[in-house]
Amino acid sequence: MSTLLDIRNLHVSLNIPDGQLRAVRDVCLSLDSGQSLGIVGESGSGKSLTALALMRLLPRAADCRATRMQFQGQDLPALSDAAFARDIAGPRIGMIFQEPMTSLNPVYTIGRQMTEAAIARGMLSGPDARKKAIDLLDRTGIPDPEARLAQFPHQLSGGQRQRVMIAMTLMLDPDLLIADEPTTALDVTVQAQILDLLDDLRRERRMGMILISHDLAVVAERSDKVAVMYGGEVIEQGTSAEVLRAPAHPYTQSLLRAIPHLGGPPGRLGAIPGTVPSLLHPPRGCIFAPRCAHRLPECTTARPPLRGTGDTHRYLCTLDHPPQVRLTSDPLIGSGAVDGAEDVIAASHVTQVFQTRKGLFGPKREIRALDDVSLSLRRGETLALIGESGSGKSTLARIMLGLSVPTQGQVTMLGRPVSEISGTERASFVQPVFQDPYSSLNPRRRLAEIIARPLVLRGDGDAAARKRAVEEAMDLVRLPARLLHAYPSQLSGGQRQRVAIARALVTRPKALVCDEPTSALDVSVQAQILNLLDDLRAEMGLTCLLITHDMAVVHQVADRVAVMYQGRIVEEGPARNVLANPAHDYTTRLLAAAPRFANDAPVPEVAQ
């Protein structure tokens, strides 16, 4: 097997006003043709910067050095920027970025953006490029792919834009594909379809793949090798089985305890205390020592040695032997809804019909987003609403929040019609957490202003009281105080989601409607947020409607599940019953597509 990529001692430093940020330090990675390497770790650990360094997409002020960076035996640093852009970036190394809306040109059609590079490089003629674009859009699961070529990015959903990015990268048939969170915004069925496609292409073309993801279950299923990064360093790497089945570093063990599993009883997740340290002044000793439960005095004074448990399994740790892993979880402390609990929010026979037309003068047609849906959310429970994109979940959530008026049917809050409740009263009772934090945060306001905004609108407290409430909310979602005066554009995707959750929690509402609240979060932060929701449920009887495509999260925290398909509720019941013994074929398909670890519950058989 030939070596595709070989990186030795990669260092990346960024010059910022406060000093030099040592973002990536002494990273060594290798990959053979046809292999898949998964890179995992929390936000700020250096995963994306490592990929950007390989693609020469770092900021101009960045200092990037490596003792070796070879691709197919070619020395990449020796190439000029023009030669790298012409010969390497695109046709030989392709990259799928995390946020598709910032990577797609809003004024160009999907068709132009997909075919432009292949035509300009002389790889395909116009008709052949168009034919290949349609085929790739179809293979990535986009309906009516030919019509999509004439559309613009804003006319597609977030998941569809991500699929376009994947198809566009595959247009040039790269030898190495770098996928940075490629399936974050996708449903489990589409996620499985995309990952199957990438696996097929790897086998067909012996393409290498670097999969950067916070979903360790996906990495466990799809990667041959795994590298765990923390604080800019690779602290453990080896084969997927070695790292994720028998983790040796305390950080890797902590990550695995933070992951919701479909196997075993539901319970609280093993959240990692503290936050990733600032890399302006990295500690003299182990980078993970401040958060490690097994820390020794020497961990803070000297660099840990490189140890191994086999031919390929390596990890950085002061401990002579890996600590024992406790895989059992503590039980949930929130009690859920009691028998006879009142309905906090109830939708009765709700139908939502949208009018649309194809073209300016085309005939009108109706889209029935919701079709006679009835759903109640009882006090103290966590109700999970699951289903694919386009099934009507978000539309139903907006109606239950009182943000949209249904075509037919009625929504009540504590027995009162939503139409009779003022916006201020609704906001003090229920708060939303939307799926896309970037579009729901004001880019011109600092974090302190964004989080305090609900308090300002309600007239709660003075400036000092609001500041204390904001700091408490930021601490709840593990946002460091140094970000208090930052803008949304200065944060990572996971940090922006935490800001949205902090803003929703700052008023201590009685109910939350969460639309994919943890899809952009690291597993450690996701564990903190899910445990926080459990704490609030126990402390104040918080009621939660959780819209998610993560079946393991549903298993871990939900009391009840409602499954939506094509605008209707097709299955509803206690979470354990629905996930263990699904009655509807659609629920069975969702469960079968969910990524799993080897020790998870068996996949239900799909009825033929």
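When you go through Met95, Met101, Met114 one by one, which is the residue that is modelled with pLDDT under 90 and either among the charged types (D, E, K, R) or surrounded by 14 or more Cβ atoms within 10 Å (Cβ to Cβ) (or both)?
Testing whether each residue is modelled with pLDDT under 90 and either among the charged types (D, E, K, R) or surrounded by 14 or more Cβ atoms within 10 Å (Cβ to Cβ) (or both) leaves just Met101.
Give Asp436, Asp460 a once-over and let me know the one that is of a type in the set (Asp, Glu), closer than 28 Å to Gly380 by Cβ and touching a helix residue (DSSP H, G or I) at 6+ places or on another chain (Cβ under 9 Å).
Asp460
Does Gln20 fit the bill of being at pLDDT 90 or above and of a type outside the set (Lys, Arg)?
No: the conditions fail for Gln20.
Within region 125-147, is even one residue farther than 23 Å from Val188 by Cα and in contact with a His (Cβ under 9 Å, 6 or more places away or on another chain)?
Within region 125-147 (the criterion being farther than 23 Å from Val188 by Cα and in contact with a His (Cβ under 9 Å, 6 or more places away or on another chain)), the answer is no, since none of the residues qualifies.
Output the number of residues of region 570-594 satisfying the condition of being touching a Ser or Thr at 6+ places or on another chain (Cβ under 8 Å), among the β-branched types (Val, Ile, Thr) and crowded, with 20+ Cβ neighbours inside 10 Å.
1
Of the conditions (1) under 21 Å from the mean Cα position of the chain (by Cα); (2) closer than 27 Å to Tyr251 by Cα; (3) not in a loop (DSSP other than H, G, I, E, B), Ser519 fails just one. Which one is it?
(3)
Tell me whether region 189-199 contains one or more residues that are surrounded by fewer than 24 Cβ atoms within 10 Å (Cβ to Cβ), touching a Leu at 6+ places or on another chain (Cβ under 6 Å) and touching a residue at least 24 places away in the same chain (Cβ under 8 Å).
Scanning region 189-199 turns up no residue that is surrounded by fewer than 24 Cβ atoms within 10 Å (Cβ to Cβ), touching a Leu at 6+ places or on another chain (Cβ under 6 Å) and touching a residue at least 24 places away in the same chain (Cβ under 8 Å).
With Leu262, Leu256 as the choices, which residue is among the aliphatic types (A, V, I, L, M), under 30 Å from Leu533 (Cβ atoms), assigned to a loop (DSSP other than H, G, I, E, B) and at pLDDT below 90?
After applying the criteria, what remains is Leu262.
Tell me the residue from Arg203, Arg163 that is without any contact (Cβ under 8 Å) to a residue 60 or more places away in the chain and either out of contact with any Cys (no Cβ under 9 Å at 6 or more places or on another chain) or within 16 Å of Ile96 (Cα to Cα) (or both), please.
Just one listed residue meets the conditions, Arg163.
So Leu58 fits all but one of (1) under 27 Å from Glu242 (Cα atoms); (2) of a type outside the set (Ser, Thr, Tyr); (3) in a loop (DSSP other than H, G, I, E, B); what number is the exception?
Of everything listed in (1) under 27 Å from Glu242 (Cα atoms); (2) of a type outside the set (Ser, Thr, Tyr); (3) in a loop (DSSP other than H, G, I, E, B), Leu58 misses just condition (1).
Report yes if some residue within region 361-382 is surrounded by 20 or more Cβ atoms within 10 Å (Cβ to Cβ), under 22 Å from the mean Cα position of the chain (by Cα) and not in a helix (DSSP H, G or I); otherwise report no.
So far as region 361-382 goes, yes, one or more of its residues are surrounded by 20 or more Cβ atoms within 10 Å (Cβ to Cβ), under 22 Å from the mean Cα position of the chain (by Cα) and not in a helix (DSSP H, G or I).
Please find, within region 239-253, the residue that is modelled with the highest pLDDT out of those that are part of a loop (DSSP other than H, G, I, E, B) and among the aliphatic types (A, V, I, L, M).
Per the stated criteria, the residue is Ala248.
Of the residues Ala271, Ala347, Ala293, only one is closer than 30 Å to Gly567 by Cα and either of a type outside the set (Lys, Arg) or part of a strand (DSSP E or B) (or both); which?
From the options Ala271, Ala347, Ala293, the qualifying one is Ala347.
Out of all the residues in region 72-126, which are touching a Leu at 6+ places or on another chain (Cβ under 8 Å), aliphatic (A, V, I, L, M) and more than 23 Å from Arg161 (Cβ to Cβ)?
Result: Leu76, Ile88, Met123.
Can you give me the number of residues within region 265-308 that are modelled with pLDDT of 85 or more, among the hydroxyl-bearing types (Ser, Thr, Tyr) and under 27 Å from the mean Cα position of the chain (by Cα)?
0
Inside region 30-39, can you point out the residues that are surrounded by 20 or more Cβ atoms within 10 Å (Cβ to Cβ), of a type outside the set (Val, Ile, Thr) and assigned to a strand (DSSP E or B)?
Leu31, Ser36, Leu37, Gly38
What is the one condition in (1) assigned to a loop (DSSP other than H, G, I, E, B); (2) within 26 Å of Arg121 (Cα to Cα); (3) of a type in the set (Gly, Ala, Ser) that Ser45 does not satisfy?
(2)
Here are Leu447, Leu441: which of them is within 23 Å of Arg482 (Cα to Cα), touching a Phe, Trp or Tyr at 6+ places or on another chain (Cβ under 8 Å), hydrophobic (A, V, I, L, M, F, W, C) and surrounded by 20 or more Cβ atoms within 10 Å (Cβ to Cβ)?
Only one candidate qualifies: Leu447.
Read through the list (1) in a helix (DSSP H, G or I); (2) polar (S, T, N, Q); (3) buried (at least 23 other Cβ atoms within 10 Å of the Cβ), then give the number of the only condition that Asn531 fails.
All conditions pass for Asn531, except number (3).
Can you pull out the residues in region 543-560 that are in a loop (DSSP other than H, G, I, E, B) and modelled with pLDDT of 85 or more?
Thr548, Ala558, Asp559
Can you report the number of residues in region 405-437 which are surrounded by fewer than 19 Cβ atoms within 10 Å (Cβ to Cβ) and outside any helix (DSSP H, G or I)?
Number satisfying all stated conditions: 11.
Working carefully through the options Ala217, Ala246, find the one that is among the aliphatic types (A, V, I, L, M), in contact (Cβ under 8 Å) with a residue 40 or more places away in the chain and in contact with a Ser or Thr (Cβ under 8 Å, 6 or more places away or on another chain).
Exactly one residue qualifies, and that residue is Ala246.
Quick test for you: out of Ser419, Ser489, pick the one residue that is under 26 Å from Ser43 (Cα atoms) and polar (S, T, N, Q).
Ser489
Give the residue that is modelled with the lowest pLDDT, with candidates limited to residues of region 351-370 that are aliphatic (A, V, I, L, M) and closer than 15 Å to Thr395 by Cα.
Ile367
Give the residue, chosen from Ala464, Ala481, Ala452, Ala469, that is surrounded by 17 or more Cβ atoms within 10 Å (Cβ to Cβ), over 21 Å from the mean Cα position of the chain (by Cα) and without any contact (Cβ under 8 Å) to a residue 40 or more places away in the chain.
The unique qualifying residue is Ala469.
The values are calculated or read from the model by the stated rules, or taken from the named source; none is laboratory data. Note that this is a predicted model, so its numbers are computed, not measured. Cβ atoms come from the backbone with ideal geometry, glycine included; neighbour counts cover every protein chain shown.
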